[in-house]
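One structure below.
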Amino acid sequence: MKVVIATSNKGKLKEYKEMLEPLGFECLSLADINYSGEVKEDQDTFLGNSYVKAKAIYDFSHLPTISDDSGLCVDALGGEPGVYSNRYSGENHTDKKNRELLINNLKKLNLTSSKAHFACAITYIDDKRTIQKVGYVYGDVILEERGYNGFGYDPIFYLEDRNKTMAELPDSEKNKISHRHNALELLIEELKWGQSSFLTHTVILKA
């Protein structure tokens, strides 16, 4: 069964392939279906953004499609940066600038750390059903960058049970506990056992 993974990120595509291909799925990238457009992800939730992208790619390809949206939510900052994680530092954002802004915002509150979690919302669409699942990984945001692996906020996302940041973990270990992996596991269970047409979450799209 062919399924389009709505991403141009090779690392993300590799992670999907490792989990889905043993189940009989052939994972296609956006390049494989000759899709070169951009989908405006302007919703207020991870679920909303993952849905609009999955729907756009499904309407283009008419093939089963999987899309995800993810980000970091910091307790002390009221859930920021949330859906704005990738562009937190503005128009000329970079991973480094995003981390620096987050650290500075915590320092303004006289904090040295904060509880936080990564969230990943996955949407699957085919001709019969829409499935949505959300995965999480919990930890703390710290002010000191540690590690050189991963990307985004990984160098400042600390996992107490491992005494390491996400950026200090090898890919093989990180991928087993990541928010995307956790969401994808839930989706796989639904795909394996679900028989009827359903929508597992209600998504309210912003006009």
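The rows are residues; the columns are (1) modelled with pLDDT of 95 or more; (2) within 22 Å of GLY24 (Cα to Cα); (3) surrounded by 15 or more Cβ atoms within 10 Å (Cβ to Cβ).
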site	(1), (2), (3)
CYS120	yes, no, yes
GLY135	yes, no, yes
ASP140	yes, no, yes
ASN149	no, no, yes
LEU187	no, yes, yes
ALA207	no, no, no
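Among the candidates VAL74, VAL39, VAL52, the residue that is surrounded by fewer than 19 Cβ atoms within 10 Å (Cβ to Cβ), within 17 Å of the chain's Cα centre (by Cα) and closer than 30 Å to LEU102 by Cα is uniquely VAL39. Given the options CYS27, CYS73, name the one that is under 19 Å from ASN182 (Cα atoms), in contact with an Asp or Glu (Cβ under 7 Å, 6 or more places away or on another chain), assigned to a strand (DSSP E or B) and in contact (Cβ under 8 Å) with a residue 12 or more places away in the chain. Exactly one of CYS27, CYS73 is under 19 Å from ASN182 (Cα atoms), in contact with an Asp or Glu (Cβ under 7 Å, 6 or more places away or on another chain), assigned to a strand (DSSP E or B) and in contact (Cβ under 8 Å) with a residue 12 or more places away in the chain, namely CYS27. For the range 77-90, a residue qualifies if it is more than 14 Å from ASP154 (Cα to Cα) and touching a residue at least 60 places away in the same chain (Cβ under 8 Å), but none of them does.
Which one of ASN163, ASN49, ASN98 is in contact with a strand residue (DSSP E or B) (Cβ under 9 Å, 6 or more places away or on another chain) and over 24 Å from LEU184 (Cα atoms)? Result of the check over ASN163, ASN49, ASN98: ASN98. Residues satisfying the criterion are absent from the range 5-22 (criterion: in contact with a Lys or Arg (Cβ under 9 Å, 6 or more places away or on another chain) and over 28 Å from PRO81 (Cα atoms)).
What do you reckon, is LYS55 part of a helix (DSSP H, G or I) and either out of contact with any Lys or Arg (no Cβ under 9 Å at 6 or more places or on another chain) or closer than 19 Å to LYS12 by Cβ (or both)?
Details: part of a helix (DSSP H, G or I): yes; either out of contact with any Lys or Arg (no Cβ under 9 Å at 6 or more places or on another chain) or closer than 19 Å to LYS12 by Cβ (or both): yes.
Here the answer is yes, as LYS55 does meet what is asked.
The values are calculated or read from the model by the stated rules, or taken from the named source; none is laboratory data. This is a predicted model, so every value here is computed, not measured. Note that we place each Cβ from the backbone using ideal geometry, even for glycine, and neighbour counts take in every protein chain shown.
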